[in-house]
Amino acid sequence: MAYKISEECIACGACAEGCPVSAISEGDGKYEIDPDLCIDCGACADTCPVGAPEQA
């Protein structure tokens with residue numbers, strides 16, 4: 001199951017830099033994960049300083 005980014009996102013970009021498949025892009029006020037590209041590896045959750053990425 002793909003990850004999603006919660007409202008806790010501070011738009012720092014750490015998750016996008018850590019994503020090995022470039023599934024994360026800057027959205028409107030927070031980053032967003034493309035569920036079709038996400039491989040459910042958890043790299044985004046490991047790099048996020050506020051724990052915004054979570055399993056959907």
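A short reminder: the numbers here are calculations on the coordinates, not readings from a lab. Everything quoted here is computed from the prediction, not taken from an experiment. Glycine gets a Cβ as well: all are built from the backbone with ideal geometry, and neighbour counts include every protein chain shown.
Is the chain rounded, prolate or oblate when judged by the Cα gyration tensor, a ≥ b ≥ c being the square roots of its eigenvalues, rounded requiring a/c under 1.5 and prolate requiring a/b larger than b/c? Since a/c stays below 1.5, the shape of the chain is classed as rounded.
Just want to confirm a number: the relative contact order over the chain, from Cα pairs under 8 angstrom separated by 6+ residues, in percent. Value for the chain: 51 percent. By the Cβ distance rule (another cysteine Cβ under 4.7 Å), the unpaired cysteines of the chain are Cys9, Cys12, Cys19, Cys38, Cys41, Cys48.
Net charge of the neighbourhood of Cys15, taken over other residues with C-beta under 12 Å away and scored Lys/Arg +1, Asp/Glu -1, is -4.
Here is how the number arises for the chain: DSSP H runs of 4 or more residues each give -39500 (n - 2.57), the sum is divided by the residue count, and the result at 222 nm is -3500 deg cm²/dmol.
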